[in-house]
Amino acid sequence: MKGLRNYLNKIKPRFEQGGRLHAFRSVFEGFESFLFVPHTTARTGTNIHDAIDSKRIMSLVVIALLPALLFGMYNVGYQHFTHAAAFTQTPLTAGFWEMFLYGFLAVLPKIVVSYVVGLGIEFVVAQWKGEEIQEGFLVSGMLIPMIVPVDCPLWTLAIATAFAVIFAKEVFGGTGMNVFNVALVTRAFLFFAYPTKMSGESVWVSTDSICGLGHTVDGMTAATSLGIASTAKAADAYPAFSWDMVTGLIPGSIGETSVIAILIGAVILLWTGVASWRTMLSVFVGGAVVAGLFNVSGIDTAMAHMPWYEHLCLGGFCFGAVFMATDPVTSARTETGKYVYGFLIGAMAIVIRVLNPGYPEGMMLAILLMNVFAPLIDYCVVQSNISRRMKRVSTK
Amino acid sequence: MSQLFSKKNKEALTSPIGMNNPVTVQVLGICSALAVTAKLEPAIVMGLSVTVITAFSNVIISLLRHTIPNRIRIIVQLVVVAALVTIVSEILKAYAYDVSVQLSVYVGLIITNCILMGRLEAFAMTNAPWPSFLDGIGNGLGYALILIVVGFLRELLGSGAILGHSVIPQAFYDAGYLNNGLMLMPPMALIILACIIWWQRSRHKELQDK
C-alpha cells in the first residue's frame, strides 16, 4: 500500500495544472480517490463530517448485490446443464463447480461490458466538463448485467448502457441528478428496442458451450414462470408454487431469481442503513394487497389467479423492491412519501402483470413510472405538512 | 431579377432552413415530426406537402392582406389553409395512395400545424406576395429537412432500410445484428430531434437560452 501511495504521489504533479498529462486529471483523480480516502476537507465554515460518503454507500450496495450475483452465476450454469440434459435426454453429469464456472464465464463479459461502456462515458464526460469523476456508476454497472437474460447479446447491452448513461443521467447533470433509475432505463431500452432478446422463450437459458464447458444445444427453450402464466389458456394453468421459486433455481434474468439471496442483500442494506425499510416494506405490501385483490376479483386469467405470495416471489419483484425502488436518488425522499411511493410501485407492478397481456413482468415499468411521480409525492407531503403546521399556528 | 432575390428575400428563404428553423429553433410542428418519420418516404412526402401548402397559403393570404378584416383573419386563414390541404390530400390519394394511407390523418392535420398559422400571422399578413412565397418555401423546406434527417435515421436503424430498400447486408443479420425496435416508436423521434437541437445550439451560442 505504501509503495502505491508513493507512486501516486510521484506521478501526481504530471496531472496538475501545467503538467504534461493535465488533460487526464479527472482520470487520475478518480483512481486516486478510489484507492485512497481523499484527505481534502472544506475550507470554509463549520462542517460536521460523517465517515459515510457516496463512495462508501456505493460499495455497500455492491456488497449487498454479491449474494444475488453469485447465486445468479450458479443458476445460469444450473439452468443450462439441467435443461440441456432434459432436452438431449442424457443424464446430468455436471457438478456444482462446473455449473458455477459456466455461469461465471457467461456473466462476466456482461459485467465487463457494462462497466467499460458506462465508466468510459463517465470518464469522458467528467473530463469534458472538467469535473471529478462521480462514483454513481459503480452500482448501476453491477445492476445492469443482473437484470438482463443470459442470452442478451453484448453489443445490445453496450448500446443500451451508453444510451441510459447519456440520456438518463448525464443530460440531467450526472450522478444524483437523474430522474430515472439508470439501470432500469438500460433494461427498458433493451426491452423495447430488441424485444426478441429480452423476452419470450429462447433467451433465459444459455444454449452455447463456453470455453469447452457445457453443451451446444440448438432449439432449446425455457419460459419463465411469469411467461408461462401470461400465455396460459386456462385460469388455473399458472405454474404451481414450489420452493425453487424461493431458492431461485428457475429461469429468469441473471440476478433476480433467488428470493433468499436478495433477502440477504436486503438485510445488509437495512443493517447498514443504506436503504429505507419503509420503501422496501411498502412495495411488498402494495404487491401483496393488489395481488390478493386480483385473487378474489374473479378475473378469469392465470395471472389473476396466481396466489399473491407467488407473485411476490416471481420475476423481478424482490429484486426491484430491494435494489431498485430504494435507490435514494430516484425514490421519494420524505418518510411519509416513501410509503406511498413503495405501495404504488408494488401495486402498479401487479396491475401491469395481470391486466396487460403484452408485458408478463411489470416491475420495471412500475418503478420507472413511479420515478416520475416521486417529486410530486414529496411535494404533496411537504405541502400538507406546511398547511398542518400553519393551522396549528392560526388556532392559537 | 436582382430585385426578386434581394438580400432580404434571400434571407426569407434561407434563414428558416438553418438559424431560424421552425422545428429546431421555434419548436413548432413537433407533433407531426414524431408521427410520420418512422419511414423516410412518408417523411419526404409530408415535408413537401407542408412546403407547398405553406408557400401557396402565404401567397394567397398575402394577396388578400389588405382586404381581410382584422377581427376575422384567423377564420379566413383557416379556410385558405383547409382548401389547400384538401387539394394536397386528394392529389396524394390519387397519385400516391400507399403513402397517403401511411400518413393517414396527418395530412389532414397539416391544418393545425403551428408553422402554417405562424407564418401567415407573422409574415404573410405584413409582406408582399413574392417574399411571402419565398418565406413559405423556406419554412417548409426547413421543416422537411428535419423530417428527412429524423426519418432517415429512424428507417435506417429501425428497419435497416432506406426508402424501403434494405441497405444493411444479410451478413450483418447473420452475425447477430438486430434492428432497433425502439426507433420505430415515437419516443425515439423525440430523442433524435432533441439531439439535433442539442447539436445546433451547442454550435451556435446565440441560440442558447439564457
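The values are calculated or read from the model by the stated rules, or taken from the named source; none is laboratory data. Since the structure is predicted, the reported quantities are computational estimates derived from the model, not experimental observations. When we count neighbours, we look across all protein chains shown, and the Cβ atoms used for this are built from the backbone with ideal geometry, even at glycine.
For this structure, a couple of remarks:
- Within segment B:34-63, considering residues that are assigned to a helix (DSSP H, G or I) and in contact with a Lys or Arg (Cβ under 9 Å, 6 or more places away or on another chain), the one farthest from B:ILE191 (Cα to Cα): B:ILE61
To keep it simple, each residue is scored yes or no on (1) without any contact (Cβ under 8 Å) to a residue 24 or more places away in the chain; (2) within 27 Å of A:MET220 (Cβ to Cβ).
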residue: A:MET142; (1), (2): no, no
residue: A:MET146; (1), (2): no, yes
residue: A:TRP155; (1), (2): yes, yes
residue: A:ALA158; (1), (2): no, yes
residue: A:PHE163; (1), (2): no, no
residue: A:PHE167; (1), (2): yes, no
residue: A:GLY173; (1), (2): yes, no
residue: A:GLY176; (1), (2): no, no
residue: A:THR186; (1), (2): no, yes
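- Being out of contact with any Lys or Arg (no Cβ under 7 Å at 6 or more places or on another chain), among the charged types (D, E, K, R) and closer than 19 Å to A:ALA64 by Cβ is a property that does not hold for A:GLU310.
- Looking only at segment A:333-347, residues that are assigned to a helix (DSSP H, G or I), surrounded by 17 or more Cβ atoms within 10 Å (Cβ to Cβ) and either of a type in the set (A, V, I, L, M) or more than 19 Å from the chain's Cα centre (by Cα) (or both) come to 6 in all.
- B:TRP198 falls short of the stated requirement of being over 16 Å from B:ILE17 (Cβ atoms), in contact (Cβ under 8 Å) with a residue 60 or more places away in the chain and either loosely packed, with under 15 Cβ neighbours inside 10 Å or away from every other protein chain (no Cβ under 14 Å) (or both).
- Those residues of segment A:51-74 which are in contact (Cβ under 8 Å) with a residue 12 or more places away in the chain and small (Gly, Ala, Ser), in sequence order: A:SER54, A:SER59, A:ALA64, A:ALA68, A:GLY72
- The residue pairs whose first member lies in segment B:94-123 and is in contact (Cβ under 8 Å) with a residue 24 or more places away in the chain, whose second member is surrounded by 15 or more Cβ atoms within 10 Å (Cβ to Cβ) and of a type in the set (D, E, K, R), and whose beta carbons are closer than 8 Å, counting only pairs six or more residues apart or on different chains, are B:VAL99/B:GLU41; B:GLN102/B:LYS39; B:GLN102/B:GLU41; B:ARG119/B:ASP135; B:PHE123/B:ASP135.
- Selection within segment B:180-190 - at the interface with another protein chain (Cβ under 10 Å from one of its Cβ atoms) and either crowded, with 17+ Cβ neighbours inside 10 Å or closer than 18 Å to B:ALA161 by Cα (or both): B:ASN180, B:GLY181, B:LEU182, B:MET183, B:LEU184, B:MET185, B:MET188
- Answer residue from segment B:201-210, given it is of a type in the set (D, E, K, R) and in a helix (DSSP H, G or I) and is farthest from the other protein chains (Cβ to nearest Cβ) among those: B:GLU206
- Number of the condition not met by B:VAL23 [criteria: (1) within 18 Å of the chain's Cα centre (by Cα); (2) modelled with pLDDT of 85 or more; (3) over 24 Å from B:TRP130 (Cβ atoms)]: (2)
- Candidates B:TYR177, B:TYR143 - the one that is surrounded by 15 or more Cβ atoms within 10 Å (Cβ to Cβ), in a loop (DSSP other than H, G, I, E, B) and in contact with a helix residue (DSSP H, G or I) (Cβ under 9 Å, 6 or more places away or on another chain): B:TYR177
- Test: residue in segment B:109-131 that is under 20 Å from B:SER32 (Cα atoms), under 20 Å from the mean Cα position of the chain (by Cα) and polar (S, T, N, Q): yes
- Elements of the type helices (runs of 4 or more DSSP H) sitting completely within segment A:128-243 and holding at least 2 residues that are within 14 Å of chain B (Cβ to nearest Cβ) and not charged (D, E, K, R): these cover A:154-163, A:182-193.
- Matching entry among A:PHE123, A:PHE71 (being over 30 Å from A:PHE24 (Cα atoms) and outside the structural domain of A:GLY320 (by TED's automatic domain parsing)): A:PHE71
- Unique match (being surrounded by fewer than 17 Cβ atoms within 10 Å (Cβ to Cβ) and closer than 30 Å to A:SER202 by Cβ) among A:VAL107, A:VAL150, A:VAL171, A:VAL116: A:VAL116
- Taken over segment B:150-174, the criterion of being surrounded by fewer than 16 Cβ atoms within 10 Å (Cβ to Cβ) and either hydroxyl-bearing (Ser, Thr, Tyr) or part of a helix (DSSP H, G or I) (or both) is satisfied by B:SER166, B:GLN170, B:ALA171, B:PHE172, B:TYR173, B:ASP174.
- Of all residues in segment A:348-368, none satisfies being over 29 Å from A:PHE241 (Cα atoms) and surrounded by 21 or more Cβ atoms within 10 Å (Cβ to Cβ).
- Among (1) in contact with a helix residue (DSSP H, G or I) (Cβ under 6 Å, 6 or more places away or on another chain); (2) of a type in the set (A, V, I, L, M); (3) assigned by TED's automatic domain parsing to the domain that holds A:LEU105 - the single one A:ALA232 does not satisfy: (3)
- Restricting segment B:31-81 to residues that are in contact with an Asp or Glu (Cβ under 8 Å, 6 or more places away or on another chain) and touching a residue at least 60 places away in the same chain (Cβ under 8 Å), the residue that is farthest from B:LEU193 (Cα to Cα): B:ASN58
- Among the residues of segment A:222-240, at least one is crowded, with 22+ Cβ neighbours inside 10 Å and among the aliphatic types (A, V, I, L, M).
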